[in-house]
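**Q** Quick one: the structure is below, questions incoming.
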Amino acid sequence: MSDTVDSDVIERIRAHSGIGFGGNIGIEYTEVTPDRVVVTVDVKPHLHQPYGIVHGGVYCAIVEEVASVAGAVWLGGEGKVVGVNNSTDFLRAVTEGTLTATGTPVHRGRSQQLWRVEIADDHGRTAAVGQVRLANLQ
């Protein structure tokens, strides 16, 4: 697959930024390479559940998007990726600040990939950890 970023994939990511589900929760890309994707999300009240903390679904969505984008960038022009499993654990309640999510590969193969995503709060403490298995469609 690719050691460099496929410019078409990056352009699709940029064109989609600010729209779709990821755009609605405020995902901002700070780093995109075939080996690592980093995003930030500013915590605002619309991301809270009734107890005033970030809703678990927000963490799942961040994990899914980071892994999918990372997998697509790595696969490049060889095909498309789709998520087939998302397992996210919530470790720390966050009420405000900025979340930073970092996705790195666990396994990248011909037919599937596995990505790990760690989400940290402003103090660098892990708030959630997830992994997503992707199918490579060619």
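The values are calculated or read from the model by the stated rules, or taken from the named source; none is laboratory data. Note that the structure is a prediction, hence the values are computed from the model and not measured. Backbone-built Cβ (ideal geometry, glycine too); neighbour counts: all protein chains shown. What goes into the accessible areas is simple: the full protein's heavy atoms, side chains included, and nothing from ligands, DNA or RNA. Shrake-Rupley method; radii C 1.70, N 1.55, O 1.52, S 1.80 Å.
**Q** Considering only segment 70-98, state which residues are touching a strand residue (DSSP E or B) at 6+ places or on another chain (Cβ under 8 Å) and open to solvent by less than 20 Å² (accessible area, probe 1.4 Å).
**A** A70, G71, V73, L75, V94
**Q** Another question, if that's okay. Only one of these conditions is not met by Q113: (1) without any contact (Cβ under 8 Å) to a residue 24 or more places away in the chain; (2) of a type outside the set (D, E); (3) in contact with a His (Cβ under 9 Å, 6 or more places away or on another chain). Which number is it?
**A** (1)
**Q** I've got another one for you. Within segment 48-64, is even one residue out of contact with any helix residue (DSSP H, G or I) (no Cβ under 8 Å at 6 or more places or on another chain), part of a strand (DSSP E or B), free of Cβ contacts under 8 Å to residues at least 60 places away in the same chain and more than 22 Å from G20 (Cα to Cα)?
**A** No, there is no match, as no residue in segment 48-64 is out of contact with any helix residue (DSSP H, G or I) (no Cβ under 8 Å at 6 or more places or on another chain), part of a strand (DSSP E or B), free of Cβ contacts under 8 Å to residues at least 60 places away in the same chain and more than 22 Å from G20 (Cα to Cα).
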